Amino acid sequence: MTSANEMMGASRNEGWLSRALMFGAVSSHTWNTDSTILSWRHCRKMKMRTLLGMTALLWFSSAQAGFDDSYKAFQAENYPAALTEAHKAAEGGDPRAYYLLGLMYQGGRGVPADKTEAFNWFQKAANGGIAGSFARLGWAYVRGEGTAQDVSKALDLARLSARANDPEGQFLVHLCLTFDALGYFDEHGKVDNGKYWRLASRSVSERELDSEAMDSLYLAAERNFPMAVSTLALSFGGMIGEGNRKKMVGLIQKIAGQRLPGIERYEKISQYMDTLGESLASPQLFADAQTSVGVMALLKACGVNETPPSSAASSLKQVSMTISRPLRDSAYLPSRVPGYERSYLLAGAWTEEWKYEACGKTAVVSVVFTADGLGGAMFVTSQSGAGIAGIGAK
């Protein structure tokens, strides 16, 4: 039981964004990646040639010209012309035209939006070796757009796309895994504590999917896929790891003008933390701990009887923080992506001293942090009652 001289709490690294994306609350197609995905790519490593009975595609000059004309019109937002030329190129067997038609039917560009028609064109493009179509099919399966919802099929397609080095596919792998196999939300969108702690208690050897999910996100962000950059910035805002706040700031600088809710808050908290000293806490952990640590600081500085609570609280100001006992017994989620090997703390504990001013006095509170197994941390403050006026022994 928590005593008057002890404050406890927890800060979770909650994946709310993954859930929002899976249900379409945040559009995966907000940013136009058409020009980068439209390049025709054979997927040699995925044995697509064997699977599809194709060793090459025979390009006819008329089909080539038809696609070039359709794509130029598409870029110029002349969608009626783009639609006409794309159909001509599609009739000539150009799989790039299949993909372009999928985009147009998906987004209602030059034609009424039709998710089923878009799905069919993306399927033909995938059969023709267009790597970008795997991710588009994956989104369709995960949201049930133009086909029945099937997260398992979405993940299979996302993995195919990721193996072709498509950052959108890499990002979709992350979303599929964090939403499904690694998800801990209930049907109402609330954290299911039972699921959370079951996932958190697994050993490192049981974290292969976790590593795949995070590595996929790292790779997509490294390729500057906008949604991945934003998602990783948010993740670092709540995730304990070596240098995560600095990495978060670097990611935020990449997405000026395209920020998701919460990123600006994390940025401001991080800037404030920089003025106080060193800490291993994430911005989210720092914010979550403030109430408990602040109450303890008020008790130490002001006592329990000397100052009205509202007056004491208004005078409270944190002035510094230091790491008094470094991280020990640490374990990190394994990563194959260089630079991210120590970005996701699974286990370990450390102690920090947070110094406050209140009631014209100073108070130093010792805070012990313990990793919770899912990137977040639990914290506890414990002080001797003798140091608090009105509580110490008489």
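Worth a mention:
- Every condition in (1) surrounded by fewer than 19 Cβ atoms within 10 Å (Cβ to Cβ); (2) out of contact with any strand residue (DSSP E or B) (no Cβ under 8 Å at 6 or more places or on another chain); (3) of a type in the set (A, V, I, L, M) holds for residue 160 except the one numbered (1).
- Scanning segment 195-234 for residues that are part of a helix (DSSP H, G or I) and charged (D, E, K, R) yields 195, 198, 206, 208, 210, 212, 215, 222.
- Across segment 163-172, the number of residues qualifying as of a type outside the set (S, T, N, Q), buried (at least 24 other Cβ atoms within 10 Å of the Cβ) and either out of contact with any helix residue (DSSP H, G or I) (no Cβ under 9 Å at 6 or more places or on another chain) or assigned to a helix (DSSP H, G or I) (or both) comes to 5.
- Residue 193 vs. criteria polar (S, T, N, Q), under 19 Å from the mean Cα position of the chain (by Cα) and farther than 19 Å from residue 341 by Cα: no
- Residue in segment 184-194 that is in a helix (DSSP H, G or I) and over 26 Å from residue 98 (Cα atoms) present: yes
- Flag if residue 216 is surrounded by fewer than 24 Cβ atoms within 10 Å (Cβ to Cβ), among the small types (Gly, Ala, Ser) and at pLDDT 95 or above: no
- When 319, 304, 337 are checked against the criterion of being at pLDDT 95 or above and part of a loop (DSSP other than H, G, I, E, B), a single residue qualifies: 337.
The values are calculated or read from the model by the stated rules, or taken from the named source; none is laboratory data. Keep in mind the model is a prediction, meaning the values are calculated, not measured. Neighbour counts run over all protein chains shown; Cβ positions are idealised from the backbone, glycine included.
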